[in-house]
1. Give SER125, SER52 a once-over and let me know the one that is touching a residue at least 40 places away in the same chain (Cβ under 8 Å), crowded, with 22+ Cβ neighbours inside 10 Å and within 23 Å of the chain's Cα centre (by Cα).
2. Is segment 215-237 home to any residue that is more than 24 Å from SER16 (Cα to Cα), open to solvent by 10 Å² or more (accessible area, probe 1.4 Å), modelled with pLDDT under 85 and outside any helix (DSSP H, G or I)?
3. Against the conditions (1) in a helix (DSSP H, G or I); (2) modelled with pLDDT under 90, where does SER52 fall short? Just the number, please.
4. What residue, among those in segment 238-251 that are part of a helix (DSSP H, G or I) and touching a residue at least 60 places away in the same chain (Cβ under 8 Å), is most open to solvent (accessible area, probe 1.4 Å)?
5. Scan segment 335-371 for residues that are without any contact (Cβ under 8 Å) to a residue 12 or more places away in the chain and either surrounded by 13 or more Cβ atoms within 10 Å (Cβ to Cβ) or more than 19 Å from PRO51 (Cβ to Cβ) (or both) and report the count.
6. Hey, does segment 25-34 have a residue that's at pLDDT 90 or above and crowded, with 20+ Cβ neighbours inside 10 Å?
7. Which members of segment 140-190 meet the condition of being closer than 29 Å to SER279 by Cα, modelled with pLDDT of 85 or more and β-branched (Val, Ile, Thr)?
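The values are calculated or read from the model by the stated rules, or taken from the named source; none is laboratory data. No experiment lies behind these values; they were computed from the predicted model shown. Quick reminder, even Gly has a Cβ in these numbers, built from the backbone with ideal geometry, and neighbours come from all protein chains shown. When the accessible area is computed, the model is the full protein with side chains, heavy atoms only, and any ligands, DNA or RNA have been set aside. Shrake-Rupley method; radii C 1.70, N 1.55, O 1.52, S 1.80 Å.
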Amino acid sequence: MKTIIEDKYIIFLLFSGVVGLFTNIPKEYATYVGTGGWVIIIIDLLLILPPSFAIIWLNKQYEGKIIPEYLVEILGKYIAFPINIIYFIRFFIIVPLMTRALLVMVKSTTLETTPIWPLALVFISCACYAATQGIKSLAYICQFFVLIALAVSSILFFALLSKGGFINLRPFFVKEDIPLYFKESIRNLRIFFGAGVLFVMPFSKKDNKKANIYLLIGYIIITLFYLFVFWGTVAVAGINQTVLFDDIFFIAVRSVEIQNLEILKRLDGLAITAFIFTSLMTVAIDIYGAAVILKYYLEKTKIPKKTTFSFSCIATSIAGFVFCIIIPNTFALKQYLSIAFKMAWLTAFIIPMILFVIVKIKNRISKETSQ
């Protein structure tokens, strides 16, 4: 049986897998429903819970195994192979895209003259090192960085809310927009995608009895994080500016100064720190996810099994670095991100629910046959 992590670490691994590009959240949620964007965030929380619970249930049914292993048992190796490829691509593609998105932000705010490639090399190398340590050590690393990111973000959010205008958050809810809220919640559900990382984390029925509870706690923390990003930005910038700019969160942060913080009265540094930490953990998690799937197939070759995981992490990181630096511009980055979000519908929502139904039916048939 592979390493089984404690239930509490699900919170940090889930947060790392889901939260990354949070700076575009205000515009995404405000574009069509204005100040009612917070309602969509709540609806999205409720929509993402069933497939996420399904993933944990599947992992417990196949104790100590991860998706590339038990997919073969569920669907057979010929059907399992293309699905594993989809998951590998989904994990892999986030590595260069998240890295490039982070570096675009860093270059526009602080390191304007620094080339992309050395920044990408350092960032992906750090994420690769974290991934090679294995799931247990990666969980500890995620805990450390996520707690720091949450602490830093708390300062940002309360500063934004305290300096912003409460009137900018009105109206909170429009009864006539209820159909629109549900329609837009489907479009924006991709902001919550990322629970697919749980597929590459082995569980057991004995050691992970409270996994569902901690999963729910993790999503509640993520939801509160998104709510504060949304409310804080709208409170400062107003709804009209929020829907105009992709980086409105940083625009709002730059417009706020806290005199009592002396050298930290400008909040840019805190915002960049939070963004770097959340992005770093997301990239590390996705390198790990892609590497374990690649490792599963490399073990069937003549490569020594002891070296397959490290080799998989390094190969994934090198390919991610190359892809990152050859992305031509911001428009291409947005196009690739759009593709990644569409794939996430398969990996985080549709496939988990289909697998859940198939295994439920197989268990029912097996039970009836044995009676």
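1. Numbers: SER125 fails: crowded, with 22+ Cβ neighbours inside 10 Å.
Going through SER125, SER52 in turn, the sole match is SER52.
2. Checked segment 215-237: no residue is more than 24 Å from SER16 (Cα to Cα), open to solvent by 10 Å² or more (accessible area, probe 1.4 Å), modelled with pLDDT under 85 and outside any helix (DSSP H, G or I).
3. Only one criterion is unmet by SER52, namely (2).
4. So, considering only residues that are part of a helix (DSSP H, G or I) and touching a residue at least 60 places away in the same chain (Cβ under 8 Å), the one most open to solvent (accessible area, probe 1.4 Å) is ILE239.
5. Here the count works out to 12.
6. Checking segment 25-34: not a single residue is at pLDDT 90 or above and crowded, with 20+ Cβ neighbours inside 10 Å.
7. Within segment 140-190, ILE141, VAL146, ILE148, ILE186 qualify.
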